[in-house]
Amino acid sequence: MSWMNAPRWATGVAIALLITLPFWVGNPYYINVASQILLFAVFALALNVLVGYGGLVSLGHAGLFAMAGYAGALMLDAGHGHLAADLTAIAVTVLASAVFGVLALRSTGIGFLMITLALGQIVWGIAYRWQSLTNGDNGVNVTTRPAPFGISLASADNFYFATLLVFLVALITMALFVRSPFGASLRGTRDQARRMNALGYNVWLIRLVAFLFSGFWTGVAGLLFIYYNQFISPQVAALQTSAEALLMVISGGTATLLGPIAGAAIVVIMKNVVSAYVERWNLVLGVIFVAIITFMPEGLVPGSVRLWKLAWRAMRGRPAKAAEPSA
Amino acid sequence: MTLWLTLAVNSIALGGLLFLLSAGFSLIFGLMRIPNLMHGSFFMLGAYFGVTLLDNRIGMNFWAAALVSALAMAVIGGLVERFLLRRLNGQELPQVLLTLGLSFIIADVCLMIWTGDPWQPPTPDHLRGVLQVAGVYFPYFRLVIVLVAVVIAVALWLMVDWTRLGAMIRAGVDDAPIARVVGIKVSQLFTLVFALGAALAAFGGVIGAPYLSVYPGLDAEMLPLALIVVILGGTGSLLGALVGSFLIGFLYNFGQAMFPDLAYVILFLPMLLVLVLRPQGLFGRVMT
Amino acid sequence: MSAQQTALGVNALCKSFGGLRVTANVNLAVEPGERRLIIGPNGAGKTTLFNLITGELTPDSGSVTLLGNDITKVASRKRPHLGMARTYQIITLFGRDTIMRNVTLALLGLSQLRWNPFIDLEQEHHLVEAASAALARVGLSHIAERPLSQTSYGERRRVEIAMALAQNPKVLLLDEPYAGLSIDERRDVQKLIAGIPRDVTIVMIEHNMDVALEFAERITLLHFGEVIVEGTRSEVVADPRTREVYLGH
């Protein structure tokens with residue numbers, strides 16, 4: 001909602017900056033980082049549908065993300081065109097989301113988390129061990145990027161623009177969804193599932209549809225990923241990837257539109273910076289996770305503000321308020 | 001024929017290891033209502049402690065190494081529960097994510113200390129050799145693993161069913177708020193059970209090391225196995241963990257032999273079936 | 001007892017938890033437009049009976065009819081669509097939303113719009129108007145946009161009723177609507193319930209007989225899951241068994 005309530009000019013400036021980014025950034029390395037941020041923002045927005053608005057924490061979304069990637073890459077590898085590969089990848093991912101959803105929605109809360117984790121591991125297992133299909137640890141190369149309407153996406157600039165376009169479509173869809181009756185229904189199932197049922201809603205089906213919606217955009221993000229990276233390996237399906245996506249959602253603040261985008265930016269930039277100096281990304285990922293959960297459960301941005309205020313009061317020598325008014 | 005028997009022995013041995021891993025996982029889940037996502041890390045870190053103690057520079061006795069490693073992990077597990085998880089008391093989701101974050105930290109720290117190469121300690125001298133029964137050879141060491149797992153299973157069962165501590169754990173698993181009302185110090189119980197689970201996993205990691213070896217990623221392989229076992233057997237149920245462990249042990253070895261590409265995926269099939277047909281697990285009770 | 005005439009029928013309904021019988025062969029026949037009070041001490045199985053009627057619990061045996069149709073096998077989420085609405089004794093509202101949004105959710109539950117992911121809910125004027133009307137009926141129009149977390153207990157009780165009324169039910173089930181209210185608030189809610197038109201059949205649970213006597217035309221006395229006495233207000237009050245199991249306490 002915060003995104004919708006922001007002044008129109010702020011939104012306009014942000015979009016103008018994004019559209020002109022390649023011209024004032026120049027360096028292809030940074031343009032590529034921007035593409036990464038946007039594609040992971042799509043992934044994080046998709047996951048946030050479940051985590052933020054549905055109250056369903058999935059640790060198996062890397063499985064769906066990788067499944068789209070593998071389906072696309074393998075179709076291309078088999079000699080099919082981009083359109084066929086992309087459509088197949090999305091169809092496979094939505095179908096897999098249906099299977100994931102039906103199984104995981106046997107439960108909610110921790111049970112949901114465990115089942116999605118296990119399902120994600122199955123995808124990882126297939127990617128890693130089913131050598132004849134997935135080429136195992138060696139991964140699959142994606143040799144070409146598509147050229148929609150004759151425009152090649154081979155350059156960093158053009159790929160960035162294509163990613164930005166997809167991102168904006170995803171963002172608009174999400175913004176509509178958040179304000180829509182269906183969005184309200186989903187949030188209702190998160191807050192009072194029992195009451196929603198008594199009011200005439202099919203809670204299970206609402207959650208399943210949300211899962212499919214989330215799966216669809218996860219698939220889109222997965223396709224963007226293989227086109228960006230031009231390679232996919234089992235690591236993409238690993239628990240770390242699910243955890244990274246979840247970190248993007250919770251670090252920015254759940255159940256907001258801006259949160260997952262900010263979270264994607266934070267995580268991608270940090271990953272690029274950390275990886276440039278040390279090989280300790282997992283350690284950093286773990287530390288951030290622990291720090292956020294322990295000290296800033298509401299997300300990095302609101303959490304920093306709160307901690308800053310506390311520190312400020314402490315410095316001024318006034319007793320810090322024990323409890324903030326709860327939302 | 002011999003191939004099948006060998007596979008069966010391997011399956012039982014793996015089942016024993018899995019029981020050591022998942023018994024603690026199941027107790028923690030039953031009592032604290034959270035899947036401990038660093039349980040695979042306990043197994044791996046324990047195994048690394050073990051191989052270090054067994055290394056020529058220290059050269060500790062095999063069983064002593066397993067015990068010392070288990071004790072060290074008990075301390076680490078206890079500290080994690082007391083100083084990190086306790087802060088999030090009652091918030092199950094953040095607790096789970098905390099264990100997930102810690103598992104990444106442990107994985108990277110292990111990689112830093114023990115490098116990316118696998119470590120495989122030799123089978124201890126006195127456990128080498130094979131037992132020959134009716135023309136079939138059984139490696140002593142595998143048999144010993146099974147024996148140890150059975151002894152520990154019986155000990156755990158005696159503890160849970162016959163001791164005061166066990167009675168408190170059962171009360172906590174059934175209903176933590178009520179247990180608290182009747183004067184059980186549930187928070188101390190949590191620390192204790194978390195430490196116990198860590199110790200069992202580490203012990204399993206060490207005695208499994210000559211067989212599985214220790215390498216980066218072992219944690220991520222073991223955690224889903226514990227998860228499957230517990231979803232299969234039902235949370236908080238030792239019997240469920242035992243049956244689930246041996247089932248998965250068999251499935252893993254026979255799957256590996258028959259469908260090597262799909263062995264890992266096959267492991268999850270019974271879990272999916274149980275989820276659809278009996279969501280509370282084979283031996284779990286319906287939570288109300 | 002012809003099913004055609006009753007608004008709500010409960011026939012030989014039984015439910016046990018473990019070995020405990022919480023609903024033992026209960027029969028009810030509530031006529032259209034009737035005001036029925038179900039009383040009984042705490043633990044008599046009143047709320048369980050409601051949960052069986054709404055389908056949130058599945059009976060072991062027996063049946064439930066709504067407006068002559070057997071709904072025993074109908075999923076609980078479908079029953080509001082057939083004209084049944086309820087309130088909860090323990091307030092079950094959407095704490096992060098405004099009062100207005102709470103009532104809107106009640107309306108949306110019966111509308112096909114609830115599946116639409118593209119339109120702006122706040123621009124659906126007929127929903128907004130219907131929600132405003134429901135809030136006006138319970139006297140909460142002035143605080144419609146207030147977040148629920150900033151409302152008083154008495155106001156929440158009225159939101160509960162507004163949500164049920166917004167669904168325009170044929171049969172309204174009120175689970176202790178006076179619980180926890182001050183004398184003034186109780187009077188307001190009594191007036192509100194008295195103002196509900198006669199085409200709505202009302203069944204109310206209350207353990208405190210005095211506050212609801214005025215409302216009731218017929219009273220059913222429940223004790224340990226069984227119907228002990230049923231009859232008109234004066235019959236039940238005069239019955240010695242009522243005194244024994246209930247008023248004596």
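The values are calculated or read from the model by the stated rules, or taken from the named source; none is laboratory data. Note that the structure is predicted; figures quoted are calculated from it, not measured. A quick note on method: Cβ atoms are made from the backbone with ideal geometry, for glycine too, and the neighbour counts reach across all protein chains shown. SASA here: full protein model, heavy atoms, side chains in, ligands and nucleic acids out. Shrake-Rupley method; radii C 1.70, N 1.55, O 1.52, S 1.80 Å.
Things to note:
- The protein assembly as shown - Rg (one decimal) and Dmax (whole number), Cα, Å: 30.6, 94
- Look at the alpha carbon pairs under 8 Å that are at least 6 residues apart: their mean separation over the length of chain C gives a relative contact order of 28 percent.
- Neighbour-limited loop hits for GluC sites (Glu not before Pro), the range C:111-174 (at most 13 other Cβ within 10 Å; DSSP other than H, G, I, E, B): C:Glu145
- Residues with amide H under 5 Å from that of B:Asp55, placed H, sequence gap 5 or more: B:Met60
- Partners of C:Lys15 within straight-line reach, counting lysines whose Cα lies under 27 Å from its Cα and excluding those fewer than 8 residues away in the same chain: C:Lys46, C:Lys73, C:Lys78, C:Lys170.
- Given +1 at the Cβ of Lys and Arg, -1 at the Cβ of Asp and Glu and no other charges, the dipole of chain A around its Cα centre is 1240 debye to the nearest 20.
- For chain C, with +1 on Lys and Arg beta carbons and -1 on Asp and Glu, the positive-most of C:Gln123, C:Ala144, C:Cys14 along the dipole: C:Cys14
- Between the beta carbons of C:Ala75 and C:Ser149, assuming R0 = 45 Å, the FRET efficiency works out to 0.90 to the nearest 0.05.
- With N the number of residues in the range A:36-161, Rg(Cα) / (2.2 N^0.38 Å) evaluates to 1.16.
- These residues, A:Asp157, C:Asp60, A:Asp86, B:Asp219, go from largest to smallest accessible area, 1.4 Å probe, as C:Asp60, A:Asp157, A:Asp86, B:Asp219.
- Cleavage-rule hits, GluC sites (Glu not before Pro), the range C:184-249, DSSP coil, Cβ neighbours within 10 Å at most 15: C:Glu214, C:Glu217
- Candidate cross-link partners of A:Lys271 among the aspartates and glutamates, defined by an alpha-carbon separation under 17 Å and a same-chain spacing of 8 or more, comprise A:Glu244, A:Glu279, B:Asp108.
- Local electrostatic count at B:Leu111 - Lys and Arg +1, Asp and Glu -1, tallied over other residues with Cβ under 12 Å: -3
- For chain B, calculated [θ]222 nm from helices alone, where every DSSP H run of n ≥ 4 adds -39500 (n - 2.57): -24000 deg cm²/dmol
- Dipole magnitude (debye, nearest 20) for the protein assembly as shown, charges at Cβ of Lys, Arg, Asp, Glu: 1140 debye
- Taking every Cα-Cα distance in the range A:2-295 and sorting them into 10 Å bins from zero, the calculated P(r) comes out as 6, 28, 36, 23, 6, 0 percent.
- Angle between chain B longest axis and helix B:92-114 axis [Cα atoms, degrees, rounded to 10]: 30 degrees
- Top positive-direction residue, dipole computed over the range A:2-295 with Cβ charges, set A:Asn48, A:Val203, A:Leu76: A:Val203
- Accessible surface ranking that places the most exposed of C:Arg198, C:Arg186 first, with a 1.4 angstrom probe: C:Arg198, C:Arg186
- Choice from A:Thr173, A:Thr189, A:Thr163 with maximal GNM fluctuation in chain A (Cα, 10 Å cutoff): A:Thr173
- Length-normalised contact order of chain A in % [C-alpha pairs under 8 Å, at least 6 apart]: 30 percent
- Set of lysines near A:Lys309 by C-alpha distance (under 22 Å), chain-local residues within fewer than 8 positions excluded: A:Lys321
- Helix axis angle, C:153-166 relative to chain C longest principal axis, alpha carbon, degrees: 90 degrees
- Highest GNM mean-square fluctuation among C:Thr92, C:Thr65, C:Thr104, for chain C modelled with Cα contacts below 10 Å: C:Thr92.
- Pairwise Cα distances in the range B:122-162 exceed 16 Å for 50 percent of all pairs.
- Charge dipole (the range C:56-100, unit charges on Cβ, about Cα centre) - positive-most of C:Thr72, C:Gly83, C:Ile99: C:Ile99
- Of A:Ala89, A:Ala255, A:Ala193, the one that fluctuates the most in a GNM where chain A has Cα springs shorter than 10 Å: A:Ala193
- Computed from Cα positions, the angle between helix C:183-194 and the longest principal axis of chain C comes to roughly 90 degrees.
- Where only DSSP H runs of four or more residues are counted, chain C gives -8000 deg cm²/dmol as its mean residue ellipticity at 222 nm, each run worth -39500 (n - 2.57).
- Alpha-carbon centroid distance for the pair the range B:28-98 / the range B:5-20, whole angstrom: 23 Å
- In a reduced charge model with +1 at each Lys and Arg Cβ and -1 at each Asp and Glu Cβ, the range C:96-164 shows a dipole moment near 320 debye about its Cα centre.
- For the range A:45-138: relative contact order, % (alpha-carbon pairs under 8 angstrom, 6 or more apart): 32 percent
- Working note: 222 nm ellipticity from helices only, DSSP H runs with n ≥ 4, each -39,500 (n - 2.57), summed and divided by the residues of chain A, gives -24500 deg cm²/dmol to the nearest 500.
- Spin-label model, C:Gln5 to B:Thr163: label points 7 Å out along the Cα-to-beta-carbon direction sit 7.0 nm apart.
- Alpha-carbon centroids, the range B:192-247 and the range A:234-278: separation in whole Å: 29 Å
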